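So the structure is just underneath, and the comments pick up after that.
The values are calculated or read from the model by the stated rules, or taken from the named source; none is laboratory data. Note that the structure is predicted; figures quoted are calculated from it, not measured. All Cβ positions, even for glycine, are placed from backbone atoms using ideal geometry, and neighbour counts span all protein chains on display. The area values use the complete protein model at the heavy-atom level, side chains included, leaving out ligands, DNA and RNA. Shrake-Rupley method; radii C 1.70, N 1.55, O 1.52, S 1.80 Å.
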2 protein chains.
Amino acid sequence: MDSSQFRQAAHAAIDQVIDYYDNIRDRRVLSDVQPGYLRELIPPGIPETGEKWEDIQQDIEAKIMPGLTHWQSPNFLAFFPANSSYPGILGDIYSGAFTCAAFNWQCSPAVTELETIVLDNVAKLINLPEAYHSTGEGGGVIQGTASEAIVTVVVAARDRYIARSKEQWATEGLNDDEIEDRVCTLRGKLVALGSDQAHSSTKKAAIIAGVRCETIETAMGDYSLNGELVTKKIENLEKRGLIPFYLTVTLGTTPTCATDDFASISAALSTYHTANPTKPKIWTHVDAAYAGAALILPEYSHIPSIWPTFADSFDFNMHKWLLTNFDCSCLYVKRRRDLIDALSITPAYLRNEYSDSGLVTDYRDWQIPLGRRFRSLKAWFVTRSFGVEGLRAHVQKALDGGELFTKLLEGDKERYELVAKPAFALNVFRVNPPPAVAKELGGNKKEFARRSNEITKKVADRVNKEGKIFITPTVLGKGDEAITAIRVVGGSPSIQPKDLESAFNIITEVVTAVWEEELKDKQSIIRDQVELQAV
Amino acid sequence: MDSSQFRQAAHAAIDQVIDYYDNIRDRRVLSDVQPGYLRELIPPGIPETGEKWEDIQQDIEAKIMPGLTHWQSPNFLAFFPANSSYPGILGDIYSGAFTCAAFNWQCSPAVTELETIVLDNVAKLINLPEAYHSTGEGGGVIQGTASEAIVTVVVAARDRYIARSKEQWATEGLNDDEIEDRVCTLRGKLVALGSDQAHSSTKKAAIIAGVRCETIETAMGDYSLNGELVTKKIENLEKRGLIPFYLTVTLGTTPTCATDDFASISAALSTYHTANPTKPKIWTHVDAAYAGAALILPEYSHIPSIWPTFADSFDFNMHKWLLTNFDCSCLYVKRRRDLIDALSITPAYLRNEYSDSGLVTDYRDWQIPLGRRFRSLKAWFVTRSFGVEGLRAHVQKALDGGELFTKLLEGDKERYELVAKPAFALNVFRVNPPPAVAKELGGNKKEFARRSNEITKKVADRVNKEGKIFITPTVLGKGDEAITAIRVVGGSPSIQPKDLESAFNIITEVVTAVWEEELKDKQSIIRDQVELQAV
């Protein structure tokens, strides 16, 4: 493909992308292909001679599109949004063109320096205290995902805990062999903590780091972690001879967008650390993967002010709700040295005068992989193109949509019950059994809940099977208390109030149909019973 | 930015990219900005209202370009190539537009299925035995980098070793508590291995996984690992009560592109495992990050045939030498279950009937992060656009360039000495001291080497300071034996024989200048001494 062929091909691709966005509302949001669909459509192997772009491009619509679930569609109300945007796509064009595996500063100073600048700008945008800016001892780094960020900080937390324990033992006069023995025992006792509502990536990070992981159960309906629960858990661990070294707290949990009680957690950790001066500090990480974007609004901007009192790190994804195409996860730490101490190894072929001088940032030491893409470009383009006003308007629109949906749910209490406080544009609700059934069940709450769970699951599955909108069924709590619920959250740039109204109507139609079936089933059961009695 | 503004902006961006590639030869390859250059050029903060694309785009040339090291330039002869290509850029346009954080099959079946198909195609292209294809128990997955792939397999290797040890102890009749105690001790003794020439990412992976790492020293000049060295190291570890569980072997090491002796390593491991039937197997990983691309040529295609006898996994980067813009690292495993057993955790909100049925691949369980980009698109576009012929021609061109450079070095034995066998387009050489100095040193090899090291370093630094070409100084071996050398490898799509000839001349001019300075210094020292004696 030479320059002029590329120009033509790229123009055709851009036209196709524009057409995709302009008409995305018309596509079935959830792909309905069957497993293995693509293998049947694509000839095996790589062609001997190159193919023309026209032929390749045709396959996008014919073969790829049917297998896409359209995350940019206003009908995508599942999981969390994963916004893309035109300025973001422009960023990736340049990033691909420059392709510089910028594993150190010299490999392309602009890649490192723009990242530092953009992340400081974003820190200001979300009102993140200066403790996390690069101008002090902290700073930000772009990671691929919030889960990758958690692996990074869990490893740093583990190694910081071990290093400080070693220092402590040395001051107590232990010799090297004794210290090594203790480290070996310590490793087996380290526990990473998160609430039962924290994202599963804390568990995965603990697996990767080779440490234990325990969850702290939160109260049903509230779903938020607080200082008392943390203190109880720490006491419980210590009784069992285990050692907490890391804690994930969350701003906007995945199941319900609950927010942990930062003030009481900060107080609890402070009390614990004051009472245990020789124990290294527990690393606390604020996971705000989705909801962090809301901090750009004045309404939420007070939230981070308390974080420096207890949080060693914080992460949120610009690639969720902030218009920057995946991937762009912003990890901030209070002390960059903690990451570098754990992750830096500098072999001969990566050494140069700039790295050695310590004047520059080598972000490879702030992350798991070695090489890095020029991801700050897209974040730079997005923030400049939208401006603070544009970004705020986008986030506010989703919040307004969430409120609208809450009102719709609350306006139909016969059908719906909110099972968590709506937050950050997310509504989590369950579907009631038909009124006739509810009446019959009287006050039997357990049976009511069981029937509601069944119906909710049935409704969610049927809505998704229809594929006009895509919603997420989830389960809150466990055992007898478990609630099956539906999560609805819309954050696509193209979403309008009418889309949420339409989504509500689609769900309600399905509920009506499912209710009718339930009643028919019930009537036929009654009829069968009557007939049986008549025999 | 609306559709029509995006069309205009994208066309302007594409024009700029084309201009960048067409004239890349004229740019200074190595950026010469000083640390902090960008902070002075960019106004702080995010603008309140959005900016126009024209204004943003102007900053690319004015502010970003000066801080770029141009990896696509034919004058980039450092590290390893990191090829970009037009079809690859097209892939990223669509990937960004579709932005689907495809953490499971349902999130966009096409993302998963195309990846499986493309990786099977690439497996065939590089003649990878069927053991690693998805049609059996193995399969491929796209990772961000070869270093990320190594973290992934080290974690899987560690957990497989522990799981099999537990099974063994259970058959021996140990109870759960006893087994837990043993696991705790085992973790502290596990050792990941790689040669002193293996990429530093094995060491980093071991840090992340929380296990020990030791290196196996290879012979100077040969730089390749063999079965005897592996056996000795294992024996040494076992004498010290340590347990080898993982080994990185390399096709094309970073310092010299040496290739480990797979046949003897396979035999050594087989002997060890046969002699120790109750010990779990050592996971062996073939790291071919750069040189793996050469396997597409018939000349090299016999190499992988032996891997199934010993290698659990293999990885190479399409983003290095195979025209696919960063990132696209292809990791293949012989038993996908090993990855999934270690890395899978499936919470409620990620569960669906397809995942549960086991009919589909959820690649999140094959990697560290949760979310994934649609990276197979660019690999698909690249392989189809170039075809097998085009890809082979590209790799062959770099090999031819490497041979040309070898001849140039060998044609000037007065100045240059190859310090490793040239391989995969890489030449590693040192610069001799001036002939007069060499003569004076007579047979003093140690002093000759010391002077050569000094001069080689000086030459490399000065060549890079001039910035017409970019080469990598490196150090082979350690202590008294250490050799300072220069690595030259050209793999840019735009590279021509004239570029390598020109690079050789640039280096030779610098050598000539450095030699003259050496002689002047020497003469002035002699003059000083003469004058001193005269006083």
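Exactly one residue out of A:107, A:100 is more than 30 Å from residue A:303 (Cβ to Cβ), touching a helix residue (DSSP H, G or I) at 6+ places or on another chain (Cβ under 7 Å) and buried (at least 24 other Cβ atoms within 10 Å of the Cβ): that is A:100.
To keep it simple, each residue is scored yes or no on (1) open to solvent by less than 60 Å² (accessible area, probe 1.4 Å); (2) in contact with a helix residue (DSSP H, G or I) (Cβ under 7 Å, 6 or more places away or on another chain).
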site: B:401; (1), (2): yes, yes
site: B:411; (1), (2): no, no
site: B:420; (1), (2): yes, no
site: B:479; (1), (2): no, no
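Checking each residue in segment A:201-217 for being surrounded by 21 or more Cβ atoms within 10 Å (Cβ to Cβ) and either basic (Lys, Arg) or in a loop (DSSP other than H, G, I, E, B) (or both) picks out A:204, A:210, A:211. Would you confirm, using the coordinates I've provided, whether residue A:67 is within 7 Å of chain B (Cβ to nearest Cβ), surrounded by fewer than 24 Cβ atoms within 10 Å (Cβ to Cβ) and touching a Pro at 6+ places or on another chain (Cβ under 7 Å)? When the stated conditions are applied, residue A:67 passes them.
Residues in segment A:478-501 that are without any contact (Cβ under 8 Å) to a residue 60 or more places away in the chain and part of a helix (DSSP H, G or I): A:479, A:480, A:498.
Hey, could you check segment A:298-318 for residues that are open to solvent by less than 10 Å² (accessible area, probe 1.4 Å) and outside any strand (DSSP E or B) and say which is farthest from residue A:243 (Cα to Cα)? Once the filter is applied, the top-ranked residue is A:318. Among what's in segment B:91-106 and is more than 7 Å from chain A (Cβ to nearest Cβ) and touching a Gly at 6+ places or on another chain (Cβ under 9 Å), pick the residue that is nearest to residue A:33 (Cα to Cα). The selected residue is B:102. In segment A:19-52, of all residues being closer than 14 Å to residue B:381 by Cα and in contact with a Ser or Thr (Cβ under 7 Å, 6 or more places away or on another chain), the one that is surrounded by the fewest Cβ atoms within 10 Å (Cβ to Cβ) corresponds to A:51.
Only residues that are open to solvent by 80 Å² or more (accessible area, probe 1.4 Å) and more than 7 Å from chain B (Cβ to nearest Cβ): list them for segment A:3-18, please. A:5, A:8 - these are the residues of segment A:3-18 that are open to solvent by 80 Å² or more (accessible area, probe 1.4 Å) and more than 7 Å from chain B (Cβ to nearest Cβ).
Being under 30 Å from residue A:67 (Cα atoms) and open to solvent by 10 Å² or more (accessible area, probe 1.4 Å) narrows it down to one residue among A:473, A:435; which is it?
Among A:473, A:435, only A:473 is under 30 Å from residue A:67 (Cα atoms) and open to solvent by 10 Å² or more (accessible area, probe 1.4 Å).
Residue pairs whose Cβ atoms lie under 7 Å apart, sitting 6 or more positions apart in sequence or on different chains, and linking a residue in segment B:374-385 that is part of a loop (DSSP other than H, G, I, E, B) to a partner that is buried (at least 24 other Cβ atoms within 10 Å of the Cβ) and of a type in the set (Val, Ile, Thr), are B:374/B:111; B:375/B:142.
Kindly provide the set of residues from segment A:188-199 that are in a loop (DSSP other than H, G, I, E, B), of a type outside the set (A, V, I, L, M) and crowded, with 21+ Cβ neighbours inside 10 Å, ordered by number. Within segment A:188-199, A:197, A:199 meet the criteria. The set of residues from segment A:437-477 being without any contact (Cβ under 8 Å) to a residue 12 or more places away in the chain and outside any helix (DSSP H, G or I) comprises A:442, A:443, A:444, A:475. Of the residues examined, residue B:84 is one that is among the hydroxyl-bearing types (Ser, Thr, Tyr) and at pLDDT 95 or above. Residues that are in a helix (DSSP H, G or I) and at the interface with chain A (Cβ under 7 Å from one of its Cβ atoms) within segment B:107-129 comprise B:107, B:109, B:110, B:113, B:114, B:117, B:121, B:124, B:125, listed in sequence order. Among residues of segment B:235-262 being surrounded by 21 or more Cβ atoms within 10 Å (Cβ to Cβ) and assigned to a loop (DSSP other than H, G, I, E, B), the one that is farthest from the chain's Cα centre (by Cα) is B:260. State whether the residues of segment B:82-90 include one that is under 27 Å from the mean Cα position of the chain (by Cα), facing chain A (nearest Cβ under 8 Å), crowded, with 24+ Cβ neighbours inside 10 Å and closer than 19 Å to residue A:324 by Cα. Yes, segment B:82-90 has at least one match. When residues in segment B:168-183 are screened for being within 17 Å of residue B:280 (Cβ to Cβ) and surrounded by 12 or more Cβ atoms within 10 Å (Cβ to Cβ), 7 of them pass.
Just one of the numbered conditions (1) open to solvent by 50 Å² or more (accessible area, probe 1.4 Å); (2) at positive phi is not true of residue B:496: (2). Flag: residue A:356 does not match the condition of being at pLDDT below 95 and surrounded by 18 or more Cβ atoms within 10 Å (Cβ to Cβ).
Among the residues of segment A:371-408, those identified as more than 26 Å from residue B:60 (Cβ to Cβ) and within 11 Å of chain B (Cβ to nearest Cβ) are A:392, A:393.
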